[in-house]
Amino acid sequence: MAAHRCSCWSWLLILFSLSVFVVADIHETTPVNDHHGGVDHNAQTAEQTADQPAVEERRWEATEVKEAATVDAAADIQGTSAPETVVPSSVPQPKDDFQEELVIRPLHSGDIYASFQFRTLWDTDFMRENKVSHYRLFPKSLGQVISKFSVRELHISFTQGYWRTMQWGQPFIPSPPGAELWVWFQDSVTDVDATWKELTNVLSGIFCASLNFIDSTNTVQPSASFKPLGLGNVTDHSFLRYATLPREIVCTENLTPWKKLLPCGSKAGLAVLLKSEKLFHSSFHSQAVHIRSVCQDWQCKTTSWELRQTLNSVFDLHNSGQTKREWSLFKMFSRTLTEACPLASSSKLYIDITDNPQGEQFELSPATSLLSQAVVLGDRRTFSVYDLTQETTFGTVRSLNLLIRWKSNEGEMLRPLLHAERYVAGYGLQTGEIHTLMYNNHPYRSFPVLLLDSVPWYLRLYIHTLSVTSKGKDNKPSYIHYEPSKDRVKPHLLEMLIQLPPNSVTEVTVQFERALLKWTEYPPDPNHGFYVGSSVISSLVPSTVAMHTNSTRERPLFSSFFPCKEESSYFVRIYTEPLLVNLPTPDFSMPYNVICLTCTVVAVGYGSLYNLLTRSFQIEEPNPGLAKRIANVIRRMRGVPPL
Amino acid sequence: MAAPLTLLLIVAVTIRAALFRSSLAELIAERVEVVSPITAWKRVVEGLALLDLGVSPYSGDVFHETPLIIYMFHFLVDYAEITFMTFVFGALCVCICFFFIYLSLMPFQFRKQKFALEADRYPMDSLELIRSPKEMYYVPLKVAMFYLLNPFTILSCVAKSTCGLNNAVLALFFLSTIKGNVLLSAIFLCLATYQSIYPITLCAPAMLYFMQRQYIPVNFRRVSFWWFIVQYLFMYLGSLFVLICLSFFLLGSWDYLPSVYGFILSVPDLTPNIGLFWYFFAEMFEHFRLFFLCVFQINVFFYTIPLSIKLKEHPVFLIFMQLAVISIFKSYPTVGDVALYLAFLPVWSHLHRFLRNIFLVSCVLLACSALFPVLWHLWIYAGSANSNFYYAITLLFNVAQILLVSDYFYAFLRREHHLTNGLYLKRKDGSEATLILK
């Protein structure tokens, strides 16, 4: 007991001394720095305090709220009038803003789709002369990456599992299985390849992923499929690099650094739900980071950087071992919501109830009166909204555990207008054929799609065998961009613009040959096969409702990711399955034997020719036998003439 | 002789046409023994497709033919149907065999003259070794049969392997050499070199042949000797220069040099074939790769010097030896290359009495040819064997080829020895002697 009291005292002492130090620090820095710096130190204090272990949790929360209030107050003050104590600085204050959002869409199969989006907006300029050194909500590690590598746009995603479009509909943010990275560099970059190499290595460190395996053999420069999603109408695709690692396994070690980029970490707000033991016990998991610059107003006079962190996951009804068709936040994430992130300007939870207008399909509790309509993926959808910044949302128990209980199993999902699948045909290890099937389910409209295929060099594509057929007829692509592969240097890149007729299946086939590699080029499990990244299909699909073209209007985050240029169609990107292809293998156990045997054959050739070249024919004179020679030696010793 | 030859041609063309029309043609065109990454028709078509797409065929690693070939086919495909192409291939085979016929006649006329001049110097019993015109009468027909009816040639022709083109250029080179046309010989040799580097070693026998024909002594101290070499090399290198520049102007870049010659020399494509390179370099330790690459490539060229010294009196046999060495040790050999030197065998029918293990070797060659597809199927399709099985067969096939060539070389040298020393040699004590190499 005494020991316990003693330790309590020591902790108090530490806390006290720390606060003294911090206060001293503030006093020291305030005259030098601007007001904002002081605020930031306060925020840091909060974090430091939070990091101290063994502090009671409730007390920590209180501190945090107080500090956050200070921050808000400071921001308010700044917005209205600068206090007298602050030295006016020449640099305009960067404004940053953080929003968080969770969309839950109950799926007809009984599975549930949860999509998190966290957006940080910051109107700073990373490219200007004096480097940005002061960060508040925007993660410093990414800011430094942007300014060091002159990144215009960066999109990275890690996905475990394959998104089943036909069962689940379109995802809000699509991603291929494995890791995907695509980056637009600024025009000022001179050596794009070297910068790209360096950038992948840095990102590999930031996200604890094997992105350092991205090299020239899996990097391509798509000419049309990946246009910048943010500002800037760039057409020179030499500043674009795209790479996928279909074999990448996504796990906790990738989630932790991703969570650390959030302003509240996983301590408050929606991010408390992100517990890896539940997230990775799902049938689909995808986390992504998208950085781009966006307009702030509709005239686009000022721009700001947008960091969008998204996490999508699909929880399987049967996999989770429950018998009832019933989901709750606690069942999904083993956590409930208690508060919004204090740094967030908006924090909302949306439930898609479009298929359930009268509550006949499923039942929501607690019920909310707040409804919202949004046009997303060419469809007008209705959502129940829970605003986490309102105290009333959490009710009397001060915790929100949303419950969705199904009432009936009926109901048809709207078939997605576009989906695709892919497989390898053929048998044996010599040749094969890649089949890509693209379905246009629109009853009367045809629309063009851009198909991008990046195939590794060890599958040698024969482009003259390329055939595109729809409805049994040849469908000639109106645009083909093909870059053949170079062995051990670069992959094949095939991009095609194909018009999909209404209500049809379009089949793209191309033959390939499997190469025999050097024995050191095989992975440790060579007979598992080699992965070929997903095909990317990008398209403008005809929309049934008018899309909003004003990108700066206040909209839910999930509906504002892809910019919309026209009202009649919306942008969709879908990924096909990655392929697993077997290659012929040499026998890994016998390099020595092979070297010895082949060299023996060469030596046999050399030896027999050498023999014939250097010697001449002679008559064989009989050689005396061994006995006779011994006898002669003895005879010589005896002094008798030899035989 | 015209009648059997016509019959032979009809049979040969019929077999090819029948096979080409059958479903086997597609199967044969995929066989790794028949087509190599350089000579495969599929890759030529791919190159043409790339050209049509506006992509340089050499920007990728699928097409490795020379620019002249692709522009020739580009022209041909534009103006004629694909079926016509098969006739081109067929006709090429035929003209090759004609040249062989001519070829087989020439060296012996020359030899006869020499023998008539020096008859008194030969021992009487070696007259047995001189072939009579009657024996030689059917040799051209046999050469034609050996080439046209050889299954290797038929397969290679049905697969539309461009190896047939290379063989045709080489045949034209033999023809012009033996007819004594120095300029044409240099031009065709240069074309063959341009197609695949290795025929450069045939420079030596060609020069030796011309010198023998023009009575220029092979003597390093003679000006006439050096003058002739300079002349020939000038023609050869000059036409090579013209060809390379022509390719450059056709293509507009030097991309084809690494893609064609770099590909032949550095062996990046390890697709199995009947040669020694593929498995050796698939299993090679990375830091020894360059060393062994140099050793293996030098090995092909190296035999030229000692062979030319030893066979300087017999340039036609030297050509045969060089062709055999190239087809055994080159980086991407196919059965078409093997067929080319096998066609020479009837020319050396007078050596048969000195061959030691021709029966064994021909059995091994036949067995290997049958086992290639079997073990390939077991490895690639059935999955019940692994790469070692196929590799073992390539090893055996190459050992058999080496034994065959060295056996012919031995027989040739032995015959030469008997020609000067008499056929029935005796020991000092009068008993029957055995010849050994010492």
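Miscellaneous remarks
- Each of A:193, A:474, A:587 was scored by other Cβ atoms within 10 Å of its Cβ. Arranged with the fewest first, they read A:474, A:193, A:587.
- Structural size metrics of chain B, computed from C-alpha coordinates, are Rg and Dmax of 22.7, 81 Å.
- Coil-residue trypsin sites (Lys or Arg not before Pro) of the range A:438-532, DSSP, other Cβ within 10 Å capped at 12: A:471
- Taking 27 Å as the limit for the C-alpha separation, the pairs B:179/B:312; A:260/A:301; A:486/A:518; A:267/A:301; B:312/B:438; A:259/A:486 exceed it in the case of A:260/A:301; A:267/A:301; A:259/A:486.
- Angle in degrees between helix B:203-213 and the longest Cα principal axis of chain B, rounded to the nearest 10: 40
- Listed peptides A:425-434, B:309-318, B:245-254 by packing density, highest first (mean Cβ within 10 Å): B:309-318, A:425-434, B:245-254
- Peptide B:67-76 shows a mean partner chain C-beta count of 0 within 10 Å per residue C-beta.
- Helical content alone sets the calculated 222 nm signal of chain B at -21500 deg cm²/dmol, taking -39,500 (n - 2.57) per DSSP H segment of four or more residues and averaging over every residue.
- Shielding value for B:396-408 is 3, the average number of Cβ atoms from other chains within 10 Å of each residue's Cβ.
- Net charge contributed by nearby residues that have their C-beta within less than 14 Å of residue A:423 (K/R +1, D/E -1): -4
- Highest mean first, the peptides A:96-103, B:352-359 sorted by other C-beta atoms within 10 Å per residue fall in the order A:96-103, B:352-359.
- With the Kirkwood sum run over all distinct C-alpha pairs, the range A:359-512 has a hydrodynamic radius of 19.9 Å.
- Inter-probe distance in nm under a simple model that places probes 7 Å from Cα toward Cβ, at residue A:164 and residue B:183: 7.7
- Counting neighbouring beta carbons within 10 Å and listing from fewest to most, the residues A:197, B:428 come out as B:428, A:197.
- Low-density loop positions, chymotrypsin sites (Phe, Trp or Tyr not before Pro), the range B:386-438 - DSSP coil, at most 15 other Cβ in 10 Å: B:424
- Taking the fewest neighbouring Cβ atoms within 10 Å as the starting point, the ordered list for A:528, A:290 is A:528, A:290.
- Each residue of the range B:331-347 is assigned a 3J(HN,Hα), and the resulting list reads 7, 10, x, 10, 5, x, 5, 5, 4, 5, 7, 5, 5, 6, 4, x, 5 Hz, derived from the Karplus form 6.51 cos²θ - 1.76 cosθ + 1.60 (θ = phi - 60°), x at Gly and Pro.
- Angle between chain B longest axis and helix B:82-118 axis [Cα atoms, degrees, rounded to 10]: 20
- Per-residue shielding of A:571-584, expressed as the average number of other chain Cβ atoms within 10 Å of the residue Cβ, stands at 1.
- With respect to chain B, whose longest principal axis is taken over its alpha-carbon atoms, helix B:289-302 is tilted by about 40°.
No lab work stands behind these numbers, since they all come straight from the coordinates. For clarity, every value in this text was computed on a predicted model and none was experimentally measured. With ideal geometry, Cβ positions are generated from the backbone for all residues, glycine too; neighbour counts draw on all protein chains shown.
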